[in-house]
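Written below as structure tokens is the structure these notes are about.
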Amino acid sequence: MFAAISLLIFICMAMLMVRLFAGPTLYDRVLALNVFGSCTVLLIGTVGFLFGRPDFLDIALLYALINFVGTIAVLKFFRYRRLGDAADDTESIMPPEPDSEEA
Amino acid sequence: MELALTILLFVALVATALTIALVRRLFAVVMLSGVFSLLSALLFVLMDAVDVAFTEAAVGAGISSVLMLGTIALTARSEKRPERYSLVPLAVVLLTGGVLIYGTLDMPNFGAADAPVQLHVGPDYIRKTPEDIDVPNIVTAVLASYRGFDTLGEVTVVFTAGLGVVLLISGLGRRIRRRREGAD
């Protein structure tokens with residue numbers, strides 16, 4: 001049961017990796033990375049139950065947090081083109097560059 | 001099942017590494033290196049090295065992606081195509097990898113109970129921690145008490161590094177310069 005679920009999640013990850021490798025736009029890649037992180041969380045959870053160690057769930061929770069922070073950082077980079085003190089100097093806020101604008 | 005999962009993850013890892021080497025757009029490279037970190041963290045979890053997996057996910061997929069994105073924001077967004085390809089780096093990498101694999105041949109098997117690392121100080125820690133330190137978690141006892149000075153040094157190094165990074169990316173120098181220009 002858990003083995004089948006793990007296999008299915010891994011197939012999902014393989015498909016996401018195809019999207020990451022090929023992904024025509026940057027947004028495809030951001031979305032693929034985010035869902036890949038979610039799949040990692042799920043896989044750690046199921047692997048924990050598969051090998052009889054459900055305490056892996058704590059680690060899965062930590063991964064979910066890291067994934068969230070990472071995605072926020074990437075999106076902030078998209079919005080402000082920088083990661084430092086974007087809130088202070090608003091004149092540096094530029095529209096996204098054309099090649100990443102259109103999906 | 002565990003072996004099959006490990007092999008699948010290693011195949012995915014190699015595919016990711018090859019794509020990182022081939023892709024020219026640096027943003028895609030950052031995303032792919034995040035995937036690389038997540039995959040290696042999964043492998044560490046499978047090998048029961050949960051704390052290493054924690055660190056790999058937090059540093060590899062979290063912080064270093066953010067720092068590399070910041071670097072891209074400051075520099076260029078795609079890699080320059082090399083004018084000519086040289087085989088020397090490939091030869092060096094293959095040689096180093098071969099030597100490392102040759103070095104592992106003499107090592108004890110993964111998880112072997114009679115490996116030297118399991119025989120030397122480990123049993124002492126396990127036996128003496130309840131009376132010496134009286135902490136239920138032996139790893140905590142080793143890190144915070146037996147190797148307390150070592151941990152203090154590590155914390156100092158990490159704190160200094162964090163301070164340096166915050167000073168670099170906070171734009172303090174830029175702000176001071178701007179204020180000075182405004183005053184002039």
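In segment A:23-37, of all residues being under 19 Å from B:Arg25 (Cα atoms) and within 9 Å of chain B (Cβ to nearest Cβ), the one that is surrounded by the fewest Cβ atoms within 10 Å (Cβ to Cβ) corresponds to A:Gly23.
Take the conditions (1) small (Gly, Ala, Ser); (2) exposed (fewer than 14 other Cβ atoms within 10 Å of the Cβ); (3) more than 22 Å from A:Gly70 (Cα to Cα); B:Ala76 misses just one of them, which is (3). Do we have B:Leu42 as assigned to a helix (DSSP H, G or I), within 7 Å of chain A (Cβ to nearest Cβ) and farther than 24 Å from B:Gly162 by Cβ here? Criteria met by B:Leu42.
Out of A:Leu20, A:Leu43, report the one residue that is modelled with pLDDT of 80 or more, crowded, with 16+ Cβ neighbours inside 10 Å, within 17 Å of B:Phe36 (Cβ to Cβ) and touching a Lys or Arg at 6+ places or on another chain (Cβ under 8 Å).
Working: A:Leu43 fails: touching a Lys or Arg at 6+ places or on another chain (Cβ under 8 Å).
Unique residue meeting the criteria: A:Leu20.
Among the residues of segment B:72-93, those identified as in a helix (DSSP H, G or I) and either away from chain A (no Cβ under 14 Å) or over 19 Å from A:Leu33 (Cα atoms) (or both) are B:Ala73, B:Leu74, B:Val88, B:Pro89, B:Leu90, B:Ala91, B:Val92, B:Val93. The residue that is nearest to A:Ile72 (Cα to Cα), counting only those in segment B:45-55 that are part of a helix (DSSP H, G or I) and within 10 Å of chain A (Cβ to nearest Cβ), is B:Phe54.
Out of all the residues in segment B:114-154, which are in a loop (DSSP other than H, G, I, E, B) and in contact with a Leu (Cβ under 8 Å, 6 or more places away or on another chain)?
Just the residues of segment B:114-154 that are in a loop (DSSP other than H, G, I, E, B), to begin with: B:114-115, B:120-121, B:133-137, B:147.
Hits for segment B:114-154: nothing passes.
The set of residues in segment A:38-61 that are hydrophobic (A, V, I, L, M, F, W, C), more than 9 Å from chain B (Cβ to nearest Cβ) and within 13 Å of A:Ala3 (Cβ to Cβ) contains only A:Phe49.
The values are calculated or read from the model by the stated rules, or taken from the named source; none is laboratory data. Nothing here was measured: the structure is a model prediction, and the numbers come from that model. Here Cβ is always computed from backbone atoms with ideal geometry, including for glycine, and neighbour counts include all displayed protein chains.
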